[in-house]
Structure formats: structure tokens, C-alpha cells
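Chemist: Shown below is the structure under consideration.
The values are calculated or read from the model by the stated rules, or taken from the named source; none is laboratory data. All values derive from a computational prediction rather than experimental measurement. All Cβ positions, glycine included, derive from the backbone under ideal geometry; neighbour counts span all protein chains shown.
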């Protein structure tokens with residue numbers, strides 16, 4: 001069984017480090033050089049992260065986040081002597097955050113399953129739905145639309161981004177902000193909190 005360090009070392013040995021001229025081109029804003037950089041590493045990183053998370057969708061999301069971070073900080077690339085080491089530090093950090101996210105989601109799922117076995121009065125369900133609707137109505141228009149497309153229609157970040165003509169990162173932030181706002185609103189009702197969380201999909 002490979003540890004995280006074993007997997008990282010194995011992947012490092014498989015990947016050839018890129019040339020300094022390519023990094024220089026990316027740091028100067030060359031999109032074609034950035035695409036070349038992405039294609040050289042993306043599949044390897046996807047495999048590595050999938051080994052840790054066992055989630056294809058999460059692996060794809062983490063890889064996109066990694067390269068978004070690289071692009072946003074591209075001006076610093078020309079000063080990096082060993083890009084491969086730099087890349088694996090970023091990958092490790094993102095992968096660990098992804099694992100924490102999975103743990104939180106599993107814990108939340110367990111709580112929801114326990115809630116499913118509870119009996120709720122019709123008036124409690126109606127009250128819970130009303131509180132969720134109130135929280136959603138108070139969101140800014142763009143956050144509200146992004147959140148509903150994600151939670152109610154089950155669309156992915158990229159699909160929402162295309163529909164709303166926004167960047168994927170902006171959609172992700174809108175949904176995060178909306179979730180935080182809704183959560184802050186519903187925790188004012190501790191007696192119905194579990195039911196509200198179940199109904200809203202928070």
C-alpha cells in the first residue's frame with residue numbers, strides 16, 4: 001500500500017521536468033505555452049489525486065484549481081528553479097484539502113441519513129421549507145441563480161459558468177458565498193436546523 005509520499009515520488013519519477021523557456025513563456029502570459037504546460041501534467045496529477053480521493057469529479061476539480069492558481073501566479077514562474085517540485089507541493093496541499101472536504105461531506109451524509117429516520121410533522125416540514133426559501137430570497141441575484149442551478153438542478157460549475165456567462169471560479173465563489181449566507185440564516189432556528197439542512201441540501 002502506497003503512502004502519500006510513495007505515490008508522489010512514483011509520480012515525480014514518471015514526469016519529466018519542463019524547460020525553463022516554456023515557464024518563461026507562461027510567465028509572460030503565453031496561453032499556448034500554458035496549454036502545453038497543462039497537457040504535460042494534467043493527466044498525471046489527475047491520476048495521483050484520484051488515488052487519494054477515489055473521486056473522478058473531485059480530481060478534475062482539484063486539477064483545474066491547481067492550474068488556475070498557477071496561471072494567476074504566472075509572473076512568479078520564471079523564478080522557479082524546479083517546477084516539478086513546486087507543482088507537487090501545490091498538488092499535495094490541494095489533495096489534502098480535498099480529503100478534508102470528503103471527510104466533511106461523509107460526516108454530513110451520515111447526519112442526513114440519521115435525519116431521514118426521524119419523523120417530522122407536516123407543519124415542521126412546511127416551516128423548514130419556508131425558512132429555506134426566505135434565506136434564498138435574501139441572496140444577491142447572481143448568487144441566488146448560481147446556487148439554485150447547482151443545488152436544485154444539479155448542474156456542475158462549468159455548466160453554470162457557461163449558462164451565466166461567467167468564469168468557473170466566479171461561479172464557485174458565488175455558490176460558496178450563497179451557502180454561507182443561507183447557513184447563517186437558518187442557524188437562527190436551532191429547533192428545525194437538521195430538517196432545514198436536509199431540505200436545503202446545504
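Chemist: Within the range 69-107, restricting attention to residues that are surrounded by fewer than 12 Cβ atoms within 10 Å (Cβ to Cβ) and farther than 30 Å from residue 34 by Cβ, which residue is modelled with the lowest pLDDT?
Modeler: Across the range 69-107, the extreme among qualifying residues is 106.
Chemist: Mind checking which pairs have a first residue in the range 161-187 that is outside the structural domain of residue 135 (by TED's automatic domain parsing) and a second that is surrounded by fewer than 15 Cβ atoms within 10 Å (Cβ to Cβ), Cβ under 7 Å, 6 or more apart or different chains?
Modeler: Filtered contacts from the range 161-187: no entries.
Chemist: Condition (residue is modelled with pLDDT under 85, surrounded by fewer than 17 Cβ atoms within 10 Å (Cβ to Cβ) and assigned by TED's automatic domain parsing to the domain that holds residue 92) applied to the range 30-45: is it met by at least one residue? Break it down stepwise before answering.
Modeler: If we filter the range 30-45 for residues that are modelled with pLDDT under 85, which is where we start, we get none.
So far as the range 30-45 goes, no, none of its residues is modelled with pLDDT under 85, surrounded by fewer than 17 Cβ atoms within 10 Å (Cβ to Cβ) and assigned by TED's automatic domain parsing to the domain that holds residue 92.
Chemist: Is there a residue in the range 169-180 that is out of contact with any helix residue (DSSP H, G or I) (no Cβ under 6 Å at 6 or more places or on another chain), farther than 30 Å from residue 64 by Cβ, surrounded by fewer than 15 Cβ atoms within 10 Å (Cβ to Cβ) and at pLDDT 65 or above?
Modeler: Within the range 169-180, not a single residue is out of contact with any helix residue (DSSP H, G or I) (no Cβ under 6 Å at 6 or more places or on another chain), farther than 30 Å from residue 64 by Cβ, surrounded by fewer than 15 Cβ atoms within 10 Å (Cβ to Cβ) and at pLDDT 65 or above.
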